[in-house]
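The values are calculated or read from the model by the stated rules, or taken from the named source; none is laboratory data. Everything numeric in this text was worked out from a predicted model, so none of it was measured. Counting neighbours? That spans all protein chains shown, and the Cβs are built from the backbone with ideal geometry, glycine included.
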Amino acid sequence: MLKLFKQTICCFLCALLLLPSFSASCEEPLSLDATSYILMESSTGTVLTAKNETEARPMASITKLMTVLLILEELDKGNLSLTDMVTASANATAMGGSQIYLKENEVMNVDTLLKSILVASANDSCVAMAEHIAGSEEAFVKRMNQRAQELGLTATVYKNPHGLDDDGHHSSAKDIATLSREVMKHDIVKNYTTIWQERIRDGAFELTNTNKLVRFYDGATGLKTGSTTNAGFCLSATAKRNGMELIGVVLNSSTGEMRFTDAKKLLDYGFASYTLQPLANLDESFAQVNVRYGQKDTVSLYPKEELSLLSKKNETKNAEPKIELYSVKAPLKEGDVCGKLMFEADGEIIKETDLIIKEPVEKQSFFQTVLEFLKVI
């Protein structure tokens with residue numbers, strides 16, 4: 001009887017070994033309609049999930065994100081103002097597809113044109129802005145491609161500033177996520193991408209956001225839709241919850257509604273599965289450093305950049321700060337590096353940044369140096 005029992009147990013264990021193995025950490029892949037997609041955490045650039053993300057594809061009006069980025073960078077440089085007036089050319093008014101129906105020689109300010117691009121995806125506004133900034137549409141497209149190279153967008157080639165189908169005009173989900181991340185560094189963009197409806201031309205023309213998630217998805221912050229015959233239905237969707245901002249890109253969904261469904265699945269997965277732990281913010285002083293020959297004995301140090309730790313919700317780490325202070329002497333100017341801030345977890349440095357000062361420290365006068373010397377002796 002005992003022998004039979006042992007044989008039964010052995011058979012049972014052997015059967016278990018033959019069963020397919022499963023890990024608690026394994027997850028079912030996302031079921032999306034889109035041909036390619038990616039989900040990226042914005043502050044760190046970490047890719048959370050993806051499929052065919054480097055495959056070059058037409059991206060339709062998501063093209064306009066590069067147009068917008070160049071506009072925003074011109075604003076930052078002071079070469080452009082939101083109140084500058086732009087005159088529409090015959091070329092700009094000839095654009096088809098989404099538009100605000102600019103008339104030749106119609107004058108509109110940059111603020112309104114930027115709004116019409118980001119809210120209503122206006123092709124005519126894109127060309128008007130391109131010509132205003134670079135002198136011609138062709139020259140602006142050259143700038144677009146140059147900026148794409150600078151950002152490392154290896155699958156991206158622009159043929160126009162609006163995204164209407166054009167041979168050789170393409171990008172990838174990963175490139176678009178990287179570009180979206182760059183655009184979202186400009187806080188002003190959310191003033192436009194979160195608009196649902198607004199009127200322009202003294203109330204005569206209504207803009208309605210092509211991105212329905214702005215109205216119907218909790219935490220949505222943008223960003224840009226697109227659709228053409230070749231590209232299918234596309235979307236770069238951004239949303240922020242509990243301090244974490246995600247970028248979900250879907251290319252070639254089968255319908256307009258399906259692209260929003262796909263994007264929601266991506267964003268829902270990210271918010272449900274990951275958490276962003278803030279480690280250091282720009283206004284938090286982590287240490288003070290002694291200053292030799294300065295009119296101040298010590299000065300406070302702040303992180304040069306914000307640091308956060310992205311992790312799965314069931315795998316959060318305890319990160320401990322480590323500080324290295326440098327030997328410094330006056331004079332010091334704002335932004336000077338006087339130390340290093342590091343965070344350690346499980347014996348490894350996982351994040352680090354320079355520690356800088358936010359105020360200048362003048363050098364002591366000769367008289368102050370003599371007095372300090374006398375105190376020592």
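General observations
- Test result for Asn281, without any contact (Cβ under 8 Å) to a residue 40 or more places away in the chain and touching an Asp or Glu at 6+ places or on another chain (Cβ under 7 Å): yes
- Figure legend. Inter-residue proximity from region 152-176: first residues closer than 15 Å to Lys142 by Cα, second residues among the acidic types (Asp, Glu) and surrounded by 21 or more Cβ atoms within 10 Å (Cβ to Cβ), beta-carbon distance below 6 Å, spacing 6+ or different chains. Indicated pairs: Leu153/Asp175; Thr156/Asp175.
- From Asn209, Asn242, residue being over 19 Å from the mean Cα position of the chain (by Cα) and either assigned by TED's automatic domain parsing to the domain that holds Leu48 or closer than 30 Å to Lys103 by Cβ (or both): Asn209
- Qualifying residue in region 322-329 (condition: under 30 Å from Leu48 (Cβ atoms) and in contact with a Gly (Cβ under 8 Å, 6 or more places away or on another chain)): no
- Of everything in region 239-284 that is in contact with a helix residue (DSSP H, G or I) (Cβ under 9 Å, 6 or more places away or on another chain) and assigned to a helix (DSSP H, G or I), the residue that is surrounded by the most Cβ atoms within 10 Å (Cβ to Cβ) is Ala263.
- Counting only residues that are more than 12 Å from Ala88 (Cβ to Cβ) and touching a residue at least 60 places away in the same chain (Cβ under 8 Å), region 124-136 holds 1 of them.
- Candidates Ser253, Ser285, Ser236, Ser273: the one that is among the polar types (S, T, N, Q), at pLDDT 95 or above, in contact with a Phe, Trp or Tyr (Cβ under 7 Å, 6 or more places away or on another chain) and closer than 16 Å to Ile38 by Cα is Ser253.
- Filter result for the condition that a residue is surrounded by fewer than 23 Cβ atoms within 10 Å (Cβ to Cβ), among the acidic types (Asp, Glu) and at pLDDT 95 or above, over Asp175, Asp167: Asp167
- Considering region 312-335, and only residues there that are polar (S, T, N, Q), touching a residue at least 12 places away in the same chain (Cβ under 8 Å) and closer than 30 Å to Ser273 by Cα, the residue that is surrounded by the fewest Cβ atoms within 10 Å (Cβ to Cβ) turns out to be Asn318.
- Residues (modelled with pLDDT under 95 and surrounded by 13 or more Cβ atoms within 10 Å (Cβ to Cβ)) located in region 293-303: Tyr293, Gly294, Gln295, Lys296
- Taken as a whole, region 37-52 holds at least one residue that is at pLDDT 95 or above, in a loop (DSSP other than H, G, I, E, B) and surrounded by 18 or more Cβ atoms within 10 Å (Cβ to Cβ).
- Unique match (being within 30 Å of Ser42 (Cβ to Cβ), crowded, with 24+ Cβ neighbours inside 10 Å and among the hydrophobic types (A, V, I, L, M, F, W, C)) among Ala130, Ala92, Ala155: Ala130
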